[in-house]
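> Here you go, one structure.
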Amino acid sequence: MPKTLPVVTSNVTTRQKSGIGSALGQVRQLSFWAENAAPIGLIALVIVFGILSPVFLTLGNIQSMLIAASILVILSVAQSFVITTGGIDLSISATMTLGAVGFGLAYQANINFWLSVIIGLASACLVGLVNGVLIAKGKVTDFIVTLGTLSAATGLALILTTGKPIVVSSPELLILTTGTIGFIGYPVIIAAAVGAIAAFVMFRTRFGLHVQAVGGSEEASVANGVRAGRVRIAVYLICAFLAGVGAILLVARIGAAEPAINTGYLLNSIAAVVLGGVSLTGGRGKIFGPILGALLLTALANGLTLMSVSPFYQPLAVGFVVVLAALLTRFRKK
Amino acid sequence: MTTPSNDYILTATDIVKTFGGVNALRGANLTMRRGEITALIGDNGAGKSTLVRCLSGIHQPDSGTITLDGQVVTFSTPLAAREAGIETVHQNLALVEDLTVWQNFFLGREKTRGFGPIRWLDSRRMKRESAVLLADLAVNAPPVTNRVRRLSGGQRQAVSIARAAGWGSKIVIMDEPTAALGVQETARVEAVITRLKEQGVAILLISHNFDQVLRLADHVWVMRGGLAVAERRTAHTSGDELVSLITGALAS
């Protein structure tokens with residue numbers, strides 16, 4: 001990619017071009033804070049926790065934070081595609097659970113590792129296909145459809161496993177969790193690759209343009225020959241596929257495929273997208289914003305843990321941050 | 001009523017369209033001459049929109065023939081009409097506000113480059129081409145990297161018209177292009193329409209504004225009750241005559 005990605009970096013470039021005086025002027029405006037909520041929040045958290053906790057900025061902690069963030073980063077990117085079309089995928093974490101269970105069951109049945117991965121991804125994609133077809137062709141509200149598949153996929157995972165976790169111990173998964181390039185773990189590299197490919201797809205391809213167009217105005221897009229139904233099915237499929245990728249990383253991390261509900265991932269993936277400055281009404285695609293949002297939420301949880309704040313306070317803090325970010329988006333420039 | 005000749009870029013003959021018992025079109029006719037602006041006027045419910053929608057492929061007529069450039073055509077989709085060379089500027093303009101001008105310009109017809117199945121948008125080329133097409137038509141052309149949300153009504157209209165004109169189209173249909181605009185913006189859009197005519201594109205103009213019709217168009221078709229009841233050369237008619245043709249006070 002020879003040029004910078006327009007949507008995400010536009011603020012940065014304009015700030016660099018303008019002098020210090022106008023940069024200060026921008027800072028005084030609420031819209032500046034609104035458009036850069038995720039990076040500003042992340043920097044603020046890093047500074048605050050860096051001062052309060054001596055461990056926070058150590059290499060080891062940064063490494064573990066990045067690894068902890070990798071699944072959420074992938075899910076946030078996935079959710080961002082759906083939300084850009086003006087939809088929402090409430091089934092994302094249940095899809096991940098089903099993907100993990102599909103992978104676990106396949107591996108337990110002595111199927112080759114990579115084939116098991118494919119089965120895991122396929123079982124996740126099945127949920128995405130159902131979501132997409134019901135929403136695009138059945139014209140059912142996204143909220144209701146994905147709420148339904150959230151429940152259905154969770155139930156299916158429980159039925160298939162009879163509610164028990166499937167222990168998966170494979171050398172490949174061990175490499176996935178422990179392997180590094182330099183000091184960066186494989187999960188982080190996978191998440192970064194997902195982010196880079198997603199940014200390319202969203203901002204550099206015809207499909208990405210159509211995703212944003214359908215989210216902006218389905219009527220106008222269709223009048224210009226965009227096949228909105230296909231685009232909608234595709235974003236739910238992409239979302240589910242990435243949830244499947246997250247599922248493999250999750251199994252690798254836990255060492256088992258658990259039929260757990262993982263509600264935290266669902267809420268945090270939406271929260272990260274909102275923090276990243278994506279409007280829930282769709283139309284403006286963003287990838288780096290949601291990634292920064294995911295990093296922020298992970299840093300928040302990590303910092304609070306390091307400061308021995310009871311984990312009971314973490315949802316409270318996350319809720320506070322998300323509502324604040326949502327409030328700030330009201331002041332975003334159109 | 002008229003005899004087909006090579007002079008006509010488009011003829012629609014005996015177009016019938018019924019919607020669940022309502023006869024929107026009862027055998028309407030329309031001709032458009034090459035290189036001219038043809039106006040289509042009529043009261044609300046006269047069938048103008050339905051006829052236009054049949055020409056732009058949104059509706060399929062129950063019967064009747066449409067001849068484009070000497071060939072009988074049928075359009076199953078708006079895309080088919082577009083591919084045949086009929087572009088429509090809808091009243092709502094069909095622009096996506098969150099996208100930039102150039103993205104809207106090429107929406108659905110993006111230029112890509114790359115190798116094999118891996119292709120990406122040729123943004124530079126699309127920006128350049130849309131800027132040229134826009135500058136050719138409009139004096140107050142907005143920068144193509146602006147988002148449509150930030151454009152004025154007249155600029156949006158110009159973008160929409162330039163987009164319709166930019167594909168080597170034979171006919172551009174405009175549905176009330178200045179209905180929502182102020183005086184200055186209307187003048188600018190009319191300049192765009194005139195400029196487009198000078199480029200040799202035949203234009204079908206749906207308008208309620210008789211002054212505008214008399215000012216811009218070469219030929220007028222009047223519709224009433226699902227039929228094309230009269231046609232006039234604008235040089236040989238007046239606003240009063242058009243009003244009486246529309247209301248039926250004057251027989252064709």
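> Could you identify the single residue in A:Arg232, A:Arg330 that is touching a helix residue (DSSP H, G or I) at 6+ places or on another chain (Cβ under 7 Å), more than 28 Å from A:Thr177 (Cβ to Cβ), open to solvent by 10 Å² or more (accessible area, probe 1.4 Å) and touching a residue at least 24 places away in the same chain (Cβ under 8 Å)?
Just a single option satisfies the conditions, and that option is A:Arg232.
> Of all residues in segment A:153-186, count the ones that are within 23 Å of the chain's Cα centre (by Cα), within 25 Å of A:Ile92 (Cα to Cα) and in contact (Cβ under 8 Å) with a residue 60 or more places away in the chain.
Final tally of qualifying residues: 7.
> Take B:Ile171 and tell me if it is crowded, with 18+ Cβ neighbours inside 10 Å and of a type outside the set (D, E, K, R).
Yes, satisfied.
> Before we move on, is B:Thr67 surrounded by 14 or more Cβ atoms within 10 Å (Cβ to Cβ), more than 15 Å from B:Arg224 (Cβ to Cβ) and touching a Pro at 6+ places or on another chain (Cβ under 8 Å)?
Taking the combined requirement at face value, the residue satisfies it.
> What residue, of A:Ala191, A:Ala199, is within 25 Å of A:Ile291 (Cα to Cα), part of a helix (DSSP H, G or I), away from chain B (no Cβ under 14 Å) and among the small types (Gly, Ala, Ser)?
Going through A:Ala191, A:Ala199 in turn, the sole match is A:Ala191.
> Turning to a different aspect of this structure: Regarding B:Asn44, is this residue part of a loop (DSSP other than H, G, I, E, B), open to solvent by 30 Å² or more (accessible area, probe 1.4 Å), among the polar types (S, T, N, Q) and within 30 Å of B:Thr145 (Cα to Cα)?
no
> I would also like to ask the following. Can you tell me which residue within segment B:74-99, out of those that are within 11 Å of another protein chain (Cβ to nearest Cβ) and of a type in the set (Val, Ile, Thr), is most open to solvent (accessible area, probe 1.4 Å)?
B:Thr77
> Also, quick follow-up: Which one of the conditions (1) assigned to a loop (DSSP other than H, G, I, E, B); (2) closer than 30 Å to B:Arg150 by Cβ does B:Phe105 fail to meet, given that it meets all the rest?
Result: B:Phe105 passes all but (1).
> Still on this structure, I have one more. Just a yes or no: is a residue in segment B:179-187 of a type in the set (Gly, Ala, Ser), at pLDDT 90 or above and assigned to a helix (DSSP H, G or I)?
Within segment B:179-187 (the criterion being of a type in the set (Gly, Ala, Ser), at pLDDT 90 or above and assigned to a helix (DSSP H, G or I)), the answer is no, since none of the residues qualifies.
> Give the residue, chosen from A:Ala260, A:Ala243, that is more than 14 Å from chain B (Cβ to nearest Cβ) and assigned to a loop (DSSP other than H, G, I, E, B).
Going through A:Ala260, A:Ala243 in turn, just one is more than 14 Å from chain B (Cβ to nearest Cβ) and assigned to a loop (DSSP other than H, G, I, E, B): A:Ala260.
> Hey, among A:Arg284, A:Arg227, which residue is more than 19 Å from A:Ala124 (Cβ to Cβ), open to solvent by 40 Å² or more (accessible area, probe 1.4 Å) and touching an Asp or Glu at 6+ places or on another chain (Cβ under 8 Å)?
Every option except A:Arg284 fails the conditions.
> Among what's in segment A:32-52 and is of a type in the set (A, V, I, L, M) and without any contact (Cβ under 8 Å) to a residue 60 or more places away in the chain, pick the residue that is most open to solvent (accessible area, probe 1.4 Å).
Across segment A:32-52, the extreme among qualifying residues is A:Ile51.
> Please indicate, with yes or no, whether at least one residue in segment A:125-135 is at pLDDT below 95 and open to solvent by 80 Å² or more (accessible area, probe 1.4 Å).
Checked against the condition, which is being at pLDDT below 95 and open to solvent by 80 Å² or more (accessible area, probe 1.4 Å), segment A:125-135 yields no hits at all.
> Given (1) in contact (Cβ under 8 Å) with a residue 12 or more places away in the chain; (2) of a type outside the set (D, E, K, R); (3) within 11 Å of another protein chain (Cβ to nearest Cβ); (4) surrounded by 19 or more Cβ atoms within 10 Å (Cβ to Cβ), identify the lone condition not met by B:Leu107.
Among (1) in contact (Cβ under 8 Å) with a residue 12 or more places away in the chain; (2) of a type outside the set (D, E, K, R); (3) within 11 Å of another protein chain (Cβ to nearest Cβ); (4) surrounded by 19 or more Cβ atoms within 10 Å (Cβ to Cβ), the lone unmet condition for B:Leu107 is (1).
The values are calculated or read from the model by the stated rules, or taken from the named source; none is laboratory data. Computed from a prediction, not measured in an experiment: that's the story for all the values here. All Cβ positions, glycine included, derive from the backbone under ideal geometry; neighbour counts span all protein chains shown. Side chains are part of the model used for accessible areas, which takes the heavy atoms of the whole protein and leaves out ligands, DNA and RNA. Shrake-Rupley method; radii C 1.70, N 1.55, O 1.52, S 1.80 Å.
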